[in-house]
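The values are calculated or read from the model by the stated rules, or taken from the named source; none is laboratory data. Model, not experiment: these values are computed from the prediction. Reconstructed Cβ throughout: ideal geometry from the backbone, glycine too, with neighbour counts over all protein chains shown.
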Amino acid sequence: MSRHVIYVTVSCIVTVLLLSGLVRADVHLSGIPRVDAHAHVGDVERMKDYVEVSNVLKDKYKINLEIWINLSFQRRSGEDASEHFNVVKEEYRDRFLPCINDYRIQDGLRYPPDELSEWMEKGIVGYKLWFGVTDMIDDPMFEPTFAKMEEIGMVGASIHVAQPCPTKWCEDPVKFWQAQNAWERVLDRHPRLIVINAHMLDHFNSDEQLDYLAYILETYPNLHVDLAARFQQFPKMDREKLRAFMIKYADRILYGTDIGGQPKPGQYQNVAEQYHRTFQLLETDQMIRGGFFGATETKGLALPEDVLKKIYYLNAIRLYPRVKPVLIQIGYSIE
């Protein structure tokens, strides 16, 4: 048998084993970048702590956590946007990509539609909107914003709908569905709107919810979801059903944590361990002690390598401007 045939045969066997989850995918992933698409970093004073966590991950686990999508972009007192972006570029190599954000939608949005293009030119990569358990997302006063975002290709970054509902449909299921249905009406009117919904759109607590989330993804091709603060929900669903879902919709799922104030001096090792557990849940078939915020021991999904790459960074490259050039600047070869 020729050397080429042996190589091809071995490669095919490894591929089959990876797809079946019988070998660990993390063996093949030490050199790839990872993007946390749902982080609340805040201002530049906090960024050094996140970098320290990244250093621990690299040194201890050979994991390259390279970029955070900063949903809580804040400027220091007296600092204008250009100063913020310059510091991030010069001191942190643009590893913290900022999103403008709105948390008090009852008062109207802080950023007029005609300013959104300017913010994109400054370096903003998306617009994070938090709507809570309300149908206000369908209010006519927000239509100009969604229309402008659709027109200029501004990403709806981890938009929160029917939140917070961490463990069940909602304490008031009527209000939950009013919020979800209102969001669908917005999506029906704006089919070109590119959006990432936070927390798996909160349809990630049972097998039945997973079926509904599949319907949403099939119906709205420009809708994506992030895994932030949902790793602890893995044991609430059938493992094989969840694994099949993650493989089927790998192009639509982004890795995220919802990390906020945890990174701080004295806590870098603990936070790195939290990150590591989430990666193990996705990459291995081991029993893992909970996710980023969880504690329940859960068997990992052992997802195929190509699926993991999409979730970790390829989807972020496709959706968020500047992710690819930042990774190339750091030293990655991105096709």
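Suppose we keep only residues that are β-branched (V, I, T) and in a helix (DSSP H, G or I) within the stretch 213-238. Which one would you say is nearest to D202 (Cα to Cα)?
It comes out as I216.
I'd like to verify a number: residues in the stretch 319-334 that are in a helix (DSSP H, G or I) and exposed (fewer than 14 other Cβ atoms within 10 Å of the Cβ), how many?
Filtering the stretch 319-334 down to residues in a helix (DSSP H, G or I) leaves 319, 323-330.
Checking which are exposed (fewer than 14 other Cβ atoms within 10 Å of the Cβ) leaves us with 325, 328-329.
Adding up the residues that qualify gives 3.
Within the stretch 299-316, count every residue that is touching a residue at least 60 places away in the same chain (Cβ under 8 Å) and either assigned to a helix (DSSP H, G or I) or closer than 20 Å to N222 by Cα (or both). Step through it out loud before you land on a result.
Going through the stretch 299-316, the residues touching a residue at least 60 places away in the same chain (Cβ under 8 Å) turn out to be 299, 301-305, 307-313, 315-316.
The next check asks that each one be either assigned to a helix (DSSP H, G or I) or closer than 20 Å to N222 by Cα (or both); those that pass are 305, 307-313, 315-316.
Total satisfying the criteria: 10.
Could you say whether any residue in the stretch 244-264 is within 19 Å of the chain's Cα centre (by Cα), surrounded by fewer than 16 Cβ atoms within 10 Å (Cβ to Cβ), of a type outside the set (G, A, S) and not in a helix (DSSP H, G or I)?
No, the stretch 244-264 has no match at all.
Name the single residue, out of those in the stretch 200-210 being within 18 Å of K248 (Cα to Cα) and in contact with a helix residue (DSSP H, G or I) (Cβ under 9 Å, 6 or more places away or on another chain), that is surrounded by the most Cβ atoms within 10 Å (Cβ to Cβ).
The first filter runs over the stretch 200-210 and keeps only residues within 18 Å of K248 (Cα to Cα), leaving 200-201, 203-204, 206-210.
Those left that are additionally in contact with a helix residue (DSSP H, G or I) (Cβ under 9 Å, 6 or more places away or on another chain): 200-201, 203-204, 206-207, 209-210.
Details: M200: 21, L201: 25, H203: 23, F204: 21, S206: 15, D207: 12, Q209: 19, L210: 20.
If we take residues in the stretch 200-210 being within 18 Å of K248 (Cα to Cα) and in contact with a helix residue (DSSP H, G or I) (Cβ under 9 Å, 6 or more places away or on another chain), then L201 is surrounded by the most Cβ atoms within 10 Å (Cβ to Cβ).
Here is a yes/no grid of residues against (1) modelled with pLDDT under 95; (2) acidic (D, E); (3) closer than 22 Å to R189 by Cα:
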site	(1), (2), (3)
E66	no, yes, no
L97	no, no, no
R104	yes, no, no
G108	yes, no, yes
Y111	yes, no, yes
I152	no, no, yes
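Is there a residue in the stretch 288-298 that is in contact with a His (Cβ under 9 Å, 6 or more places away or on another chain) and in a loop (DSSP other than H, G, I, E, B)?
no
Taking the stretch 121-148 only, how many residues are in a helix (DSSP H, G or I), buried (at least 19 other Cβ atoms within 10 Å of the Cβ) and aliphatic (A, V, I, L, M)?
1
I'm trying to understand the selection: among the residues of the stretch 170-184, which are within 19 Å of P140 (Cβ to Cβ) and in contact with a helix residue (DSSP H, G or I) (Cβ under 6 Å, 6 or more places away or on another chain)?
Within the stretch 170-184, A182, W183 meet the criteria.
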